[in-house]
Each structure stands twice: as C-alpha cells, then as structure tokens.
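The values are calculated or read from the model by the stated rules, or taken from the named source; none is laboratory data. Computed from a predicted structure; not experimentally measured. Backbone-built Cβ (ideal geometry, glycine too); neighbour counts: all protein chains shown. We work out accessible area using only protein heavy atoms, side chains counted, and drop any ligands, DNA or RNA first. Shrake-Rupley method; radii C 1.70, N 1.55, O 1.52, S 1.80 Å.
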Amino acid sequence: MKKTIITISRQFGSGGRTVGHLIAEKLGIPFYDKELVEQIALESGFAPKFVEENGEHSPGRSILSYAFASTGVPGVMNGLSTADFLWSIQCSAILQLADKGPCVIVGRNADYILKDREDVLHIFVYADTEFRADRIVRLYGESEKSPVARLQEKDKRRSVNYQHYTGRTWGAPKNYDICINTGVIGIEEAADIVVDIVNRSK
C-alpha cells in the first residue's frame, strides 16, 4: 500500500524534527508538530507549553514516576490522571489528523498510535552523542546542565513515557520501518531517503 503518512520518532538533538519538516516540504503535505500541540491544548484545556513538555515526556526518569502522578478526580477529566487524560486527547488528535490524509507527524508516540494503519511509514532518527550535543548547543545555547546530561534526561523521559503507554521499547528497530543515523547520513540526505521510499511505495 502507498505510504502517505510518515511518523518521526527521534533522539533529542538528532534533527528528527528538521528531517520531518523537510520531508513534508518535499512531498507537499502537512507537517504536524507545533500545530499538533496547539490542537491537543485546545481540546484538553491545557496550556500549549504544558502539552509540549508532558505529551511525550514522563514526569521523571523512572517508570515509577507515573505511580506518583496526580490521580483523577471523579467528574473531572473523566476521572483520569492528568497524564492519562493528556494521552487520551493526544491519541484522538493523532488519529483524526491521519484520517484527514497524507502528513508528517513528529513525536508523541504517533508510531504506536498509528501502528495498525498500513499507509504509515514509521521512522526513527538518531545520531551519536557528540553530534547531538554539538547541535543542541548551537540551536538552544548553553544551560546549567552539560549538553550530554540534557540529552540523557530528555531521551530517558521520552523512553519512560513510551514504555508506559505502549509497553514497547523506545528506539527498538523492530518498532520502526527505517532507522536513520543523521550524524552519518546527514539531515537533508535523510529526508531525501524517506521521500524516495514514499514515492516508490505502491
């Protein structure tokens, strides 16, 4: 089946968001990243900044952090915890976007949410630590934490969130159709590879 929807999962600093944006531009299809955050915020009532930070990150670095997350209140958010309510809205929003037609969706466990669709190509973008550390400093500047510590924390919280809601291992090759090392391949070249695969799919 023709692959018309692309999900991009990515290590922090690997350039996955940029790869996704380039793919969307080259294919002439919608790109959902900040737009998805805004839609989830609108439907959930949460602030966009809260959605951006919590929609694909766990409360802490351990799977146990969800056990200490706020519990639901009867009659509020359908009795779900804040995290589970956000997950529910996020799933609904991603499924709706996929139903609208061809698009690129970045992050938010979209690969799992759309795993049963045959028209989706799932990509995982990664790179070595040195490449990613250099890139986040150039893009976001320095912070109190070292670049490596920032990478480790962000990726760990994404991994825990993914495991909690999907039961799968984040970054495991079997969960994706293609894994691309942008530190070796290059960001523009990575986008070209995916575009070529999409154009060749039937």
(message) Checking the conditions here, which among L121, L151 is among the aliphatic types (A, V, I, L, M), in a helix (DSSP H, G or I) and in contact (Cβ under 8 Å) with a residue 40 or more places away in the chain?
(response) L151
(request) Please find, among D128, D111, D84, the residue that is open to solvent by 20 Å² or more (accessible area, probe 1.4 Å) and modelled with pLDDT of 95 or more. (result) D128
(message) I'd like to check something: does segment 131-139 contain any residue that is at pLDDT 95 or above and at positive phi?
(response) no
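Yes/no matrix, rows are residues, columns are (1) under 17 Å from H57 (Cβ atoms); (2) out of contact with any Gly (no Cβ under 6 Å at 6 or more places or on another chain); (3) assigned to a helix (DSSP H, G or I):
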site: I89; (1), (2), (3): yes, yes, yes
site: V104; (1), (2), (3): no, no, no
site: Y112; (1), (2), (3): yes, yes, yes
site: G171; (1), (2), (3): yes, yes, no
(message) Going by what's in this entry, would S58 be described as more than 16 Å from the chain's Cα centre (by Cα) and at pLDDT below 95?
(response) no
(message) Could you check segment 30-53 and list, in sequence order, the residues that are over 23 Å from A127 (Cβ atoms), surrounded by fewer than 17 Cβ atoms within 10 Å (Cβ to Cβ) and either of a type outside the set (F, W, Y) or in contact with a helix residue (DSSP H, G or I) (Cβ under 7 Å, 6 or more places away or on another chain) (or both)?
(response) P30, E35, E38, L42, E43, G45, A47, P48, K49
(message) Looking at Q152 and the list (1) surrounded by 19 or more Cβ atoms within 10 Å (Cβ to Cβ); (2) under 23 Å from E52 (Cα atoms), which single condition is not satisfied?
(response) (1)
(request) Sort out which residues of segment 173-191 are surrounded by fewer than 16 Cβ atoms within 10 Å (Cβ to Cβ) and part of a helix (DSSP H, G or I), and write them in order of number. (result) P173, K174, V184, E188, E189
